1. Could you check what % of the DSSP bridge pairs in the range 61-272 are antiparallel, to the nearest 5?
2. Could you give the dipole magnitude of the range 600-686 about its Cα centre, charging the beta-carbon of Lys and Arg +1 and that of Asp and Glu -1, in debye to the nearest 20?
3. No other cysteine beta carbon under 4.7 Å away is the test; run it over the chain and list who passes.
4. Report, in deg cm²/dmol and to the nearest 500, the calculated mean residue ellipticity at 222 nm for the chain, where each DSSP H run with n ≥ 4 adds -39500 (n - 2.57) and the sum is divided by the residue count.
5. Convert 25 °C to kelvin, take the viscosity as 0.890 mPa s, use the Kirkwood radius over C-alpha pairs of the range 171-259 as Rh, and evaluate the Stokes-Einstein diffusion coefficient in µm²/s, rounded to a whole number.
6. Please identify which residues in the range 201-244 have an amide N closer than 11 Å to a label point set 7 Å out from the Cα of Asp544, following the Cα→Cβ vector.
7. So for the pair Ala59, Asp495, with labels modelled 7 Å out along Cα→Cβ, what separation do we get in nm?
8. Taking amide hydrogens as modeled 1.01 Å from N in the peptide plane, which residues meet the under 5 Å criterion relative to Arg352, leaving out close sequence neighbours?
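The values are calculated or read from the model by the stated rules, or taken from the named source; none is laboratory data. Note that the coordinates shown come from a computational prediction; the quantities given were computed from them, not determined experimentally. Note: ideal-geometry Cβ built from the backbone for every residue, glycine included; neighbour counts use all protein chains shown. Surface areas here come from the heavy atoms of the whole protein model, side chains and all, with no ligands, DNA or RNA. Shrake-Rupley method; radii C 1.70, N 1.55, O 1.52, S 1.80 Å.
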Amino acid sequence: MGDSLAVRQVLEHTKLAQGPEVLLEKTNAKARAALEALAARDHNGEVLTAVRHFPAREAQWAEFSEWVNADLCAAYGAKGIARLYSHQAAAAEAVHAKKNIVIVTPTASGKTLCYNLPVLHQVLENPDTRALYLFPTKALAQDQLAELHDLNTRLENRFGVFTYDGDTPGDARRAIRERGHIVLTNPDMLHTGILPHHTKWTRLFENLKYIVIDELHTYRGVFGSHLCNVLRRLQRIAKFYGSTPQFICCSATIANPGELASRLIENKVEVLSANGAPAGEKTFVFYNPPVVNKALGIRRSYINESARVAQEFLKHEMQTMVFSNSRLQTEVLLTYLQRANSQQPGQPESIRGYRGGYLPNERREIERGIRDGKIRGIVSTSALELGIDVGSLDSVVMAGYPGTIAATWQRAGRAGRRSGSSCAVMVASSSPLDQYIVRNPDYFFGNTPEHAYIQPDNLEILLNHLKCAAFELPIEATEKMGEADLPELLPKLADAGYLHRAGDFYHWTQEAYPADTVSLRSVTSDNFIIVDITGEPRVIGEVDFPSALTFLHEKAIYLHGGQQYHVEHMDFKERKAYVKEVDSDYYTDAVKYTQVRVLEGANSERISPGGENLWHVRTHGDVLVRSQVVGFKKIKFFTHENIGDGKLELPENEMHTTAYWMTLERGLVESLPFSVSERQSGMFGLLHAMASVATLLLMCDGRDLGTAIGERPPAAGSGESEFAPVRYEEMASGKMKEFFEPNLYLYDAYPGGIGFSEPLFRAHDLLIEKTRELIAGCECEDGCPSCVGPAGDLVPRAKEAALAILGRVCA
């Protein structure tokens, strides 16, 4: 053990802090012992790929400003807050100066006080003042409600504060509308429950002075694009009632918080990023499960390794939180840890799970148990990632990379909080994204490159919100809504029967209110309902239309809550899929064929880094994506063997969207010293890796991007632009024709696009460079899930061919 590089790193980076606090020394000693135990198993120094030590940070203080209400100062003083952190004071001053702001500080830095202090001051000074707080989850709103209730009690109940969400009883809603100075809600409830019924909320809208948007960084992609439109409608209604609210936003660390905030509220925003809060000492470890088959790049299960790491911390009496990336993984990890830490007779369970699907009372009881220290280990989905108060934990283990650097720091921040030392371990899975992060720790620990993007003027999203806006208030023909051309769109909605023009205004004509059918989490509301007909018919879930074709085709095995269902019938007209419970030893995987046709290039650049006629072209623009599920494979559980397949004839799905693509010109393709099949496999492997790196750069979910390879479109007017038909036999055999000049497409997987193609075009060089690092840094021989894809899916020299292509396109 003494010779291990990893052990030396751990000992170097986790030295005991010199100081009088015995508790701190004990915690450090426990963390060091646990890390030494992990390092002892790392004989080659390959498992602990990074051990970073962050020293404790002292607080930077500021006094309460003279303008702050004296009773409010006294209430905070009674809570033990006699002074402010410097960033809290700066935020309060900026709000008092009537500026829109975004506060960008780490987890547990006291962001709540940044907005509560100026809002409560104004409410106490002028009891007519109203404020609306938006949180992405109900649990966060409940957590903030407790903090505000505590302050209200100390202020002798001088203001009304309530949550307003789907769980709010009907009889309480009227009282909230009348007496709520501060209303805590979420974007979905604002969209369906408040804006369409604004006439019942006159008191709120007439006096609306502040809108607080917490966890701003979560509003990106589709959700963020919807929220921007919801805020457009909110500001439109506020203006109708004579108020112009001020925005206070809070965000985790991302590269463009100011840009994101100003796009969401469509106004200037001041960014406050200095952090005056103290922080405890923290050790951050990257743990890469050991390789068990080097040729195929197969590693030990990251779920098993996460359980092992968590058990090491628990064994050293450290209160530990384990994060997983799915509900299923949460339950599996919980089972492993509960078996390893058996419950003592007559004692409550010390290892608990926490995820969506648990009842609210049970979740509150678990949160209390963590704060009180009765629960020693907690396994959670992202539900506990955001700022719910669970006190100070000793360690955090992440089973898999959470998908973004911001989310990783959020999770790591659950341990340690403001005092005491803590440890965070990220256990990597075999996915390319995880492997890139653990092999390139400087990328993670350096300045965050993550940008959050939204596209609120996506036509599908915008049209839905135009309908909602028309229901709420008639739309004037000359009105503005983002960059949209309303004089063109409104007549089309009128022609479709949604609106009626009377004078200069367009009025809603339908009976139903449109917000009810518009989900903020997807672009379209065209969903399939899943009906279980094993016994009495019952609805068990719903999926969007494109996913239904993949998961709910006839003969599919659909998995829901751990139960297997056989899909008996798909009713396209009624949008229903009928399923029956089965006990199957296999699941199905759809064979999907995708073709992309270029409609129009918005920007293009021809590049030849090394000269010698090795040209490639980067482009972004509009495309038409045609996808069709042509068959399915039967995959055996546990062994993942292919035990059969089937042919399907399902409708084609067409989508107009935006894409970024790279064209490899003929000279470059012919310069590759490989066979046709090796070249083709290299291209598919390269695209697989590019998609993984793109999700890293765009801060998006892997499902937000689609991939395809197609032939470079012929010159305009040649008459060869139509899609070619595809046969299932071609797909099943893998025998596809050679591409003469291939286009490698990364397209937005939503109708109309969601704003990813142009940023990818701009980041082309970085995307190519990082993709090359990812593939070259992988230790496998012929390709594996961590770089170009599983070796079984590609020909032997695919990895080599992918690197050869990158060698020719890298500057």
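1. 10
2. Details: 9 positive and 12 negative charges, 64 e Å.
It works out to roughly 300 debye.
3. Cys73, Cys114, Cys228, Cys249, Cys250, Cys423, Cys468, Cys700, Cys810, each lacking another Cys Cβ under 4.7 Å.
4. -10500 deg cm²/dmol
5. Using the Kirkwood radius from Cα pairs, D works out to 175 µm²/s.
6. Once the point is set 7 Å along Cα→Cβ of Asp544, 222-223 turn out to lie under 11 Å by backbone N, inside the range 201-244.
7. So the two model labels end up 6.4 nm from each other.
8. Gly377, Ile378, Val379
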